[in-house]
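Contents: one structure, followed by commentary.
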Amino acid sequence: MESNPDELIKAALAVRELAFAPYSNFRVGAAVRSKSGRIYTGCNVESASFGLTVCAERVAIWKAVSEGDTDLTAIAIVTDTEKLTPPCGVCRQIIWEFCGDVPIILANCRGDRDTSTTNELLPRAFDTKFLK
Ligand code: THU
């Protein structure tokens, strides 16, 4: 279980304001917690070459990993949609590889939330075990 989902959601809500999404206008905020308690945040950053866009979840995870913090224990994802937005397939893969089977907390700007796990969203995942 995530120790303080409110704090993680608050961080994701705040970073969502920084989303660079002039093409889709779909703003996403994400926050990951590390075992140390530290929170890393990320927003989606779009490119004029649309396929180069990076999702909020991966920005947050890359920030943690690039700070040497690889023990990640939960992630929160926030959008301003009535229906809570689950992570895309690419992000599910990266969450699995870098966070493992962690709580994935979805929330929106009006206070709705739902928690699932990586295994629920990405059953039978591919990872480094299969490369041996
Ligand atoms: N997006 C995310 O940031 N996370 C997801 O899991 C789904 C999609 C972003 C990418 C793009 O900037 C916008 O949402 C529309 O797809």
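The values are calculated or read from the model by the stated rules, or taken from the named source; none is laboratory data. Because the structure is a prediction, the values reported are computed rather than measured. Heads up, the Cβs are rebuilt from the backbone with ideal geometry, glycines too, and the neighbour counts pull from every protein chain shown. We work out accessible area using only protein heavy atoms, side chains counted, and drop any ligands, DNA or RNA first. Shrake-Rupley method; radii C 1.70, N 1.55, O 1.52, S 1.80 Å.
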Report task. Please identify every one of the trypsin sites (Lys or Arg not before Pro) in segment 23-63 that sits in a loop by DSSP and has no more than 15 other beta carbons within 10 Å of its own beta carbon. Result -> 35, 38
Query raised in the report: Applying the Karplus parametrisation 6.51 cos²θ - 1.76 cosθ + 1.60 with θ = phi - 60° to the phi angles of segment 17-29, what ³J(HN,Hα) value in whole Hz is obtained for each residue in order, glycine and proline being reported as x?
Result: 4, 8, 3, 9, 9, x, 8, 9, 6, 9, 9, 10, x
Report task. Would you mind calculating the gained length between residue 90 and residue 130 on full extension (0.36 nm times residue separation, minus the Cα-Cα distance), in nm to one decimal? Result -> 12.6 nm
**Report entry** Accessible area of the chain divided out per residue, in Å², using a probe of 1.4 angstrom
**Finding:** 55
Query raised in the report: Which whole number of Å³ per residue matches the convex hull of the alpha-carbon atoms in the chain?
Result: 112
**Report entry** Spin-label zone in segment 88-114 - amide nitrogen under 11 Å from a point set 7 Å from the Cα of residue 120 along the C-beta vector
**Finding:** 103-106, 114
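Could you work out what % of the accessible surface of the chain is carbon and sulfur, using a 1.4 angstrom probe and leaving DNA, RNA and ligands out of the count?
Whole-percent figure for carbon plus sulfur exposure: 56.
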Query raised in the report: Which residue fluctuates the most in the chain, going by a Gaussian network model with Cα springs under 10 Å, if the choices are 19, 64, 48?
Result: 48
Report task. Using 0.36 nm per residue of separation minus the Cα-Cα distance, give me the extension gain between residue 4 and residue 97 in nm, one decimal. Result -> 31.2 nm
